[in-house]
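Structure first, then comments.
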Amino acid sequence: MKQVRPKKNLGQHFLTDLSIARRIADTVDACPQLPVLEVGPGMGVMTQYLVEKPRPLKVVEIDRESVAYLNEHFPKLRENILGEDFLRMDLSKVFDGGQFVLTGNYPYDISSQIFFKMIDNRDLIPCCTGMIQHEVALRMASKPGNKAYGILSVLIQAWYDVEYLFMVDETVFNPPPKVKSAVIRMTRNKTQCLGCDEELFKRVVKTVFNQRRKMLRVSLKQLLSDSQLSALNSHLSTPTSHLSLTLRPEQLSIAQFVSLTNGVEKVLCSATI
């Protein structure tokens with residue numbers, strides 16, 4: 001069978017450097033006892049190294065041409081080649097409700113959606129590795145005080161420890177993307193409960209970072225009235241809080257976002273009584 005033609009509408013950029021493919025495949029060894037789910041294997045450049053590892057492997061690929069290619073070139077994997085859309089899958093059914101490592105050369109345009117799905121299924125995915133756009137990797141691994149620190153940083157680091165492993169040049173792809181790539185690894189941290197309403201936490205984080213250059217007292221006007229902002233400021237102005245509404249979102253730690261969320265929830269609930 002001829003090679004698969006990269007499809008622009010699927011964001012396909014096939015990795016051609018076998019040494020890099022092996023390095024990415026080896027990132028799953030951080031969780032050596034778990035099965036692996038590879039997203040978007042394409043023509044199997046990483047799959048060929050993953051299949052050598054002594055653990056169960058499944059791959060999910062939405063491109064029918066790639067599925068046909070994989071079936072022909074990986075006959076031993078045939079029953080574990082899933083021709084589905086990862087974003088629509090019920091991940092609890094992939095390994096019969098068991099945990100697994102998520103990996104892949106993720107399409108740039110849906111990588112954030114993939115990681116949000118990972119967060120929603122964090123009890124199933126204690127480790128996630130793979131290749132994404134370089135700038136996105138920097139944002140995911142960034143710490144408070146950095147310009148790259150943002151929504152992805154906070155929402156992912158609330159549940160995972162993020163490691164930026166290495167950069168990959170655009171010349172090792174077919175077709176070459178217009179940006180550099182990077183390989184990351186995320187390992188589930190010990191947090192079991194944020195200590196606040198999780199949906200409100202996401203809403204607060206997204207709201208303030210949508211105006212990241214503004215102080216919290218300005219960006220939070222999208223959620224709270226002036227009187228509610230005043231009440232929130234009073235609630236946060238305690239010796240134990242150390243959280244000022246004159247800060248900008250990139251200055252807040254995960255713990256401070258939790259405190260801010262609890263404060264927002266308190267004033268919102270007070271307004272409905």
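The values are calculated or read from the model by the stated rules, or taken from the named source; none is laboratory data. Everything numeric in this text was worked out from a predicted model, so none of it was measured. Reconstructed Cβ throughout: ideal geometry from the backbone, glycine too, with neighbour counts over all protein chains shown. The protein model used for the area step is the full one, side chains on, heavy atoms only, and it has no ligands, DNA or RNA in it. Shrake-Rupley method; radii C 1.70, N 1.55, O 1.52, S 1.80 Å.
Over the residues of the chain, the helix contribution to mean residue ellipticity at 222 nm works out to -10000 deg cm²/dmol, using -39500 (n - 2.57) for each DSSP H run of at least 4.
Taking the 1.4 Å solvent-accessible surface of the range 127-273 as the whole, the part contributed by carbon and sulfur is 51%.
Loop-located trypsin sites (Lys or Arg not before Pro) across the range 163-217 with a Cβ neighbour count of 10 or fewer within 10 Å are K178, K190, R213, with loop assigned by DSSP. With a simple spin-label model that places each label point 7 Å from the Cα along the Cα-to-Cβ direction, the separation between Q3 and Q222 comes to 4.4 nm. Between 0 and 90 degrees, the angle of helix 226-236 with respect to the longest Cα principal axis of the chain falls at about 80 degrees. Where a ≥ b ≥ c are the square roots of the eigenvalues of the C-alpha gyration tensor, would you call the range 155-273 rounded, which needs a/c under 1.5, or, failing that, prolate if a/b is larger than b/c, or oblate? Prolate is the answer for the range 155-273, as a/c is 1.5 or above and a/b outweighs b/c. The candidate values are (1) 17.7; (2) 14.9; (3) 15.9; the one derived from this structure for mean projected area of the Cα convex hull in nm² carries the label (3). Solvent-accessible surface of the range 33-105, averaged per residue with a 1.4 angstrom probe and all protein chains in place: 48 square angstrom. Between P144, P54, P175, the residue with the greatest mean-square fluctuation in the GNM of the chain (Cα pairs under 10 Å linked by springs) is P54. Here the chain carries DSSP beta bridges of which approximately 55% are antiparallel, counting only pairs with both residues inside. The long axis of helix 111-120 is offset from the longest Cα principal axis of the chain by roughly 70 degrees. Between the helical axis of 198-209 and the longest alpha-carbon principal axis of the chain there is an angle of about 80 degrees. Of the trypsin sites (Lys or Arg not before Pro) found in the range 84-169, those that fall in a DSSP loop while having at most 12 other beta-carbon atoms within 10 Å are K147. Considering only GluC sites (Glu not before Pro) in DSSP loops that have at most 15 other Cβ atoms within 10 Å, the longest stretch of the chain without any of them is 85-273.
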